[in-house]
Amino acid sequence: MNPHLQTPRDPEIDRIPRSWLSRMTPKLPPTSSLVSPRSGGGFSLVEVTLAMAIVSFGVLSVVSTMPGGMEMLRNSVNDTVESRIAQEVLAKLQGSDWSDTANLASYDGSLCYFDAQGNELHAPGGAAPDWTVFTARIAVSSTPPALPATTASPSDYLRQVRICITDQPASSADRFTNARKHRQVCTLAAKTSR
């Protein structure tokens with residue numbers, strides 16, 4: 001070792017009595033008292049129970065929100081399908097021959113049946129197919145609607161259409177009268193071909 005790199009020892013430290021130095025240093029407990037008297041480094045039953053209670057509380061909090069989320073998802077899917085059904089029914093009305101349907105009057109009160117994706121179902125005899133999920137009832141006004149800010153007579157090529165869509169079974173008698181059981185779409189159908 002290089003003698004130039006060593007720090008010189010202060011001769012004053014050698015003159016301080018060792019008993020005085022021992023009073024200046026903090027006393028630490030013996031190392032044996034820091035170690036648990038248990039053998040091994042595992043967790044106690046109380047610690048495990050407390051940890052399980054905290055984890056259970058967190059898991060139950062997350063799981064309790066699942067039914068509300070699933071209900072919101074189902075409602076969202078139904079809203080999307082019902083919108084598709086309304087568009088499909090309106091396209092069917094606008095694309096029909098108005099002279100053959102007496103300006104859509106033959107559609108008034110008719111029922112259309114749809115599956116879970118909004119595809120129209122057809123069954124022989126006009127009965128509801130067994131796999132029907134949505135039912136749409138069409139109501140067509142017999143007179144053309146009055147348009148705002150026009151002085152001309154209403155057009156014979158325009159009809160107000162009300163489409164009621166429900167996912168209730170046919171056994172539910174009030175499925176089209178109870179506002180909670182159906183969605184109603186009001187729109188105007190225009191004749192697109194002459």
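Bear in mind that the values in this text are calculations on the coordinates, not laboratory data. Just so it is clear, the model here is predicted, and its values are computed rather than measured. So basically every Cβ, Gly included, is an ideal-geometry build from the backbone, and we count neighbours across all protein chains shown.
Order these by the 10 Å Cβ neighbour count, fewest first: Leu93, Leu121.
Values: Leu93 21, Leu121 16.
Sorted ascending by nearby Cβ count, the order is Leu121, Leu93.
If a/c stays under 1.5 just call it rounded; otherwise compare a/b with b/c (prolate if a/b is bigger, oblate if not). Do that for the stretch 77-148, with a ≥ b ≥ c from the square roots of the Cα gyration tensor eigenvalues.
Details: a/c = 2.46, a/b = 1.50, b/c = 1.64.
Oblate.
Apply the Karplus curve 6.51 cos²θ - 1.76 cosθ + 1.60, θ = phi - 60°, to the phi angles in the stretch 94-102 and return the couplings in whole Hz, x for Gly and Pro.
5, x, 7, 7, 5, 6, 6, 9, 6
Starting at the first residue of the stretch 75-81, write each ³J(HN,Hα) from the Karplus equation 6.51 cos²θ - 1.76 cosθ + 1.60 with θ = phi - 60°, in whole Hz, x for Gly and Pro.
4, 5, 5, 4, 4, 5, 5
Could you sort 133-145, 171-183, 96-108, 47-59 so that the peptide with the highest average Cβ count within 10 Å comes first and the rest follow in order? Please report the intermediate quantities before stating the final value.
Numbers: 133-145: 17.7, 171-183: 12.8, 96-108: 14.5, 47-59: 10.3.
Going by the mean number of other Cβ atoms within 10 Å, highest first, we get 133-145, 96-108, 171-183, 47-59.
Suppose every Lys and Arg Cβ carries +1 and every Asp and Glu Cβ carries -1, with no other charges. What dipole size does the stretch 47-135 come out with about its Cα centre, to the nearest 20 debye?
On the way: 3 positive and 11 negative charges, 42 e Å.
Here the stretch 47-135 has a charge dipole of around 200 debye.
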